[in-house]
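Just below is one structure, and these are the notes that go with it.
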Amino acid sequence: VAFIGRTGAGKSTLMNLIPRLLDAEPGMVLIDDKSIREIPLKPLRENIGYVPQETFLFSETLSENIAFGIHNGRPDLEKRIEHSAEIAGLADDVNEFPQKYLTILGERGITLSGGQKQRAAIARAVIREPRILILDDALSAVDTYTEEKILSGLRDVMRSRTTLIVAHRISTVKDADLICVLDHGRIVERGSHAELMRLGGAYADLYERQLLEEELAAS
């Protein structure tokens with residue numbers, strides 16, 4: 001399920017309700033028809049892979065950042081780290097680093113570009129093999145070519161779990177099963193890309209505007 005809308009529409013607030021970073025009224029958020037308040041916080045969050053808007057990385061190795069929260073004793077951990085980086089579209093960049101996955105990241109990940117930080121955060125979420133994957137504007141710092149590459153890598157991951165995507169770009173959300181358009185904290189349109197285009201409302205206007213911007217940027 002994808003959520004799209006202007007800045008301040010309520011997209012991130014909605015995502016924060018799921019791992020209970022914010023609490024909704026009792027009975028308003030359900031997982032498998034069960035109130036989220038009835039699920040203990042630790043198992044709830046253990047089953048969520050969350051990539052927030054603001055990526056936070058530690059002053060540790062890239063490998064340790066990706067595997068954050070994963071038990072270090074796992075014999076297949078190194079392979080899982082590399083596989084997660086591959087899915088997140090980060091592996092090619094890492095292979096160009098002299099120390100590869102042992103590269104020490106500076107404070108808040110200053111060693112990496114904005115796009116690389118986002119991809120490291122996606123790898124960190126993917127390696128957890130979560131039942132719920134939340135991508136909150138997680139592709140905003142990459143170009144459309146890299147975005148498509150990452151989404152292609154994520155398709156198999158998303159197929160087997162509930163995935164919630166927040167984005168500003170139509171290209172990020174157009175293949176979602178359901179797209180919800182938010183405005184001032186309310187869902188004003190919902191449907192597939194094709195259905196929303198036929199509707200000719202806010203989503204279609206946004207699509208036409210972004211298409212025009214891309215054409216102007218290319219000319």
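The values are calculated or read from the model by the stated rules, or taken from the named source; none is laboratory data. What you are looking at is a predicted structure, and each value in this text was computed from that prediction instead of being measured. Cβ placement follows ideal geometry from the backbone for every residue including glycine, while neighbour counts extend to all protein chains displayed. The accessibility values were calculated without ligands, DNA or RNA, using every heavy atom of the protein model including side chains. Shrake-Rupley method; radii C 1.70, N 1.55, O 1.52, S 1.80 Å.
Quick notes on this one:
- Selection of segment 56-105 for residues being in a helix (DSSP H, G or I) and of a type in the set (A, V, I, L, M) yields L62, I66, L77, I81, A85, I87, A91, V94, L102.
- Lone unmet requirement of (1) among the aliphatic types (A, V, I, L, M); (2) modelled with pLDDT of 90 or more; (3) over 19 Å from S12 (Cβ atoms) for L164: (3)
- Residues of segment 10-28 classified as at pLDDT below 90, open to solvent by 30 Å² or more (accessible area, probe 1.4 Å) and at positive phi, total: 1
- Output for segment 177-188, where each listed residue is open to solvent by 20 Å² or more (accessible area, probe 1.4 Å) and either at pLDDT 90 or above or assigned to a strand (DSSP E or B) (or both): D177, L178, D183, R186, I187, V188
- Residue match in segment 33-46 (condition: surrounded by 13 or more Cβ atoms within 10 Å (Cβ to Cβ) and within 18 Å of V142 (Cβ to Cβ)): no
- Scanning segment 126-174 for residues that are in contact with a Leu (Cβ under 6 Å, 6 or more places away or on another chain) and more than 24 Å from A194 (Cα to Cα) returns no hits.
- When segment 190-205 is filtered for residues that are open to solvent by 20 Å² or more (accessible area, probe 1.4 Å) and in a strand (DSSP E or B), only R190 remains.
- One residue stands out among those in segment 108-163 that are in a loop (DSSP other than H, G, I, E, B) and basic (K, R): the one that is least open to solvent (accessible area, probe 1.4 Å), which is R161.
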